[in-house]
1. Among the residues of the range 209-223, is there at least one that is assigned to a loop (DSSP other than H, G, I, E, B), in contact with a helix residue (DSSP H, G or I) (Cβ under 6 Å, 6 or more places away or on another chain) and surrounded by 18 or more Cβ atoms within 10 Å (Cβ to Cβ)?
2. Considering only residues of the range 50-64 that are in contact with a helix residue (DSSP H, G or I) (Cβ under 7 Å, 6 or more places away or on another chain) and in a loop (DSSP other than H, G, I, E, B), which is modelled with the highest pLDDT?
3. Looking for whichever is at pLDDT below 95 and under 29 Å from residue 99 (Cα atoms) here; the options are 289, 257. Which one fits?
4. Filter the range 16-26 down to the residues that are farther than 14 Å from residue 206 by Cβ and touching a strand residue (DSSP E or B) at 6+ places or on another chain (Cβ under 9 Å), then identify the one that is surrounded by the most Cβ atoms within 10 Å (Cβ to Cβ).
5. Residue 282 passes all but one of (1) over 30 Å from residue 39 (Cβ atoms); (2) buried (at least 22 other Cβ atoms within 10 Å of the Cβ); (3) touching a strand residue (DSSP E or B) at 6+ places or on another chain (Cβ under 7 Å); which number fails?
6. Please specify each residue of the range 228-252 satisfying the condition of being on the phi > 0 side of the Ramachandran plot and out of contact with any strand residue (DSSP E or B) (no Cβ under 6 Å at 6 or more places or on another chain).
7. Please determine whether any residue of the range 160-171 is in contact with a strand residue (DSSP E or B) (Cβ under 6 Å, 6 or more places away or on another chain), over 29 Å from residue 256 (Cβ atoms), surrounded by 14 or more Cβ atoms within 10 Å (Cβ to Cβ) and in the same structural domain as residue 324 (by TED's automatic domain parsing).
8. What are the pairs, 6+ residues apart or on separate chains, where a residue within the range 55-81 that is more than 17 Å from residue 313 (Cα to Cα) has its Cβ under 7 Å from a residue that is assigned to a loop (DSSP other than H, G, I, E, B)?
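The values are calculated or read from the model by the stated rules, or taken from the named source; none is laboratory data. Small disclaimer: the values here were computed from a predicted structure and weren't measured. Quick reminder, even Gly has a Cβ in these numbers, built from the backbone with ideal geometry, and neighbours come from all protein chains shown.
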């Protein structure tokens, strides 16, 4: 089942996506809510009912007016997440990034999965992404997958954790690399380099629809993995390709770690971290390591970014760099000059 949130008369509306058409949930059944956050809060009640409605639509039993997906103003499938965590689960990406910096693989990667907190208030969906000038200095995409938590839980063991996953969606963890690198010199996690926009979409695909893609987790790990090809295109040119099954730490293990001593709630988002080759930072570093002086590529104003995961969908955005006199970097230069 594919769940979509979109704008309807100025409000968010939840719908089922079936064969390119949107069917409003509350029109399909009066007991179904029209908003994703309510649907997630009572997942065990609404999910089986929505599955029945989807089956009726496919059989032609539901005479409900539908809207073409392509004509709708699509939002993040969870327009207002309760929280946003992003993991670091792909060894290939971590190892390549460290190699490009001239350091070896860190052994602590294999001890437990790690994550950082993102800004859940800056989550957005397909469409234009407005960025300030400091964001547009070395602006980067990150090709990721994310899960949405559908049940409240605390101290969740990995062996049970997949049952807390409502579904999967595509995630673009946009990163202002210049800001990120400068602020992390102070030994804190990413802040202004990350908090301006995180993109999710175009839909939430529930696990029943992805069952045929399930494969065993890597040796020594617990939970489901999914054999889903991932790719990124910038201005129509493919720049990245990977596979979700290459996650070393599973989503189940990320849930176990995130819920240790902490309660997870329906509507919490957990990202996978960047797939191998899944960002310009890694790609530029690898290119320059192999060919000294090779040019770097970053996102620019009007660039289109298309992230795609098989079985989930295609997430499309366009970069819009706003002109403004306000600049963190200029203020920093003034501070240094004054000193």
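1. Yes: one or more hits.
2. Looking at the filtered set, the residue picked out is 64.
3. Answer to the selection: 289.
4. Here is the first cut: in the range 16-26, the ones farther than 14 Å from residue 206 by Cβ are 19-24, 26.
Checking the rest, the ones that are also touching a strand residue (DSSP E or B) at 6+ places or on another chain (Cβ under 9 Å) come to 20-24, 26.
Working: 20: 9, 21: 17, 22: 24, 23: 20, 24: 18, 26: 14.
Going through the qualifying residues, I end up with 22.
5. With (1) over 30 Å from residue 39 (Cβ atoms); (2) buried (at least 22 other Cβ atoms within 10 Å of the Cβ); (3) touching a strand residue (DSSP E or B) at 6+ places or on another chain (Cβ under 7 Å) applied to residue 282, the lone miss is (3).
6. 236
7. Initial filter on the range 160-171 (in contact with a strand residue (DSSP E or B) (Cβ under 6 Å, 6 or more places away or on another chain)): 164-171.
Of the ones still in play, those that are also over 29 Å from residue 256 (Cβ atoms) are none.
No, every residue in the range 160-171 fails to be in contact with a strand residue (DSSP E or B) (Cβ under 6 Å, 6 or more places away or on another chain), over 29 Å from residue 256 (Cβ atoms), surrounded by 14 or more Cβ atoms within 10 Å (Cβ to Cβ) and in the same structural domain as residue 324 (by TED's automatic domain parsing).
8. Partner pairs satisfying both residue conditions: 56/62; 81/267.
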